[in-house]
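A short write-up of the structure that comes next.
The values are calculated or read from the model by the stated rules, or taken from the named source; none is laboratory data. The structure displayed is predicted, hence computed values, not measured ones. In this analysis, Cβ positions are derived from the backbone assuming ideal geometry, glycine residues included, and neighbour counts consider all displayed protein chains.
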Amino acid sequence: MSPGEGEGIVSFEEFSKLDIRVGRVLKAEPVPGSRKLIKTIVDVGGEERQILVGVAKWYKPEELIGKLVIVLVNLKPKIMAGLASQGMILAAGCGEDEKPVFLTVEEPVKVGSKVC
């Protein structure tokens, strides 16, 4: 199968609909009643988003504060543990027992910068 054929292939037009930005984690706290979730507040460039991340097995909330992360901003909100998650912080290593590693930038950039 050549590139551009088959299931799971998206066009550039579809990809360009994704709003992916650099964000900074401002706050992080455990989600009551959940062993997996941490509630974060992330500045995505003049706007703060509540984003739930399932990383409590590997990270303490205080370790996330101040991190520059890559955020999918225009993901449909999802309710988890009674709270709305308003985006997705992107990470690599998302297997069941694999520690997720947050995607970030090599050099400091302005919060809210678009990923292209």
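Counting only residues that are among the small types (Gly, Ala, Ser) and under 19 Å from Leu18 (Cα atoms), which one in the range 39-84 is surrounded by the most Cβ atoms within 10 Å (Cβ to Cβ)?
Gly45
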Report, by residue number, each residue of the range 83-116 that is of a type in the set (Gly, Ala, Ser) and at pLDDT below 95. Gly93, Gly95
Check on Ser11, hydroxyl-bearing (Ser, Thr, Tyr), over 11 Å from the mean Cα position of the chain (by Cα), more than 21 Å from Cys116 (Cα to Cα) and at pLDDT below 95: no
Looking at the range 85-98, which of the residues that are in a loop (DSSP other than H, G, I, E, B) and surrounded by 13 or more Cβ atoms within 10 Å (Cβ to Cβ) is farthest from the chain's Cα centre (by Cα)? Gln86
Filtering the range 36-51 for residues that are closer than 13 Å to Ala91 by Cβ and within 11 Å of the chain's Cα centre (by Cα) leaves a count of 2
Would you confirm, using the coordinates I've provided, whether Ile41 is aliphatic (A, V, I, L, M) and touching a Phe, Trp or Tyr at 6+ places or on another chain (Cβ under 7 Å)? no
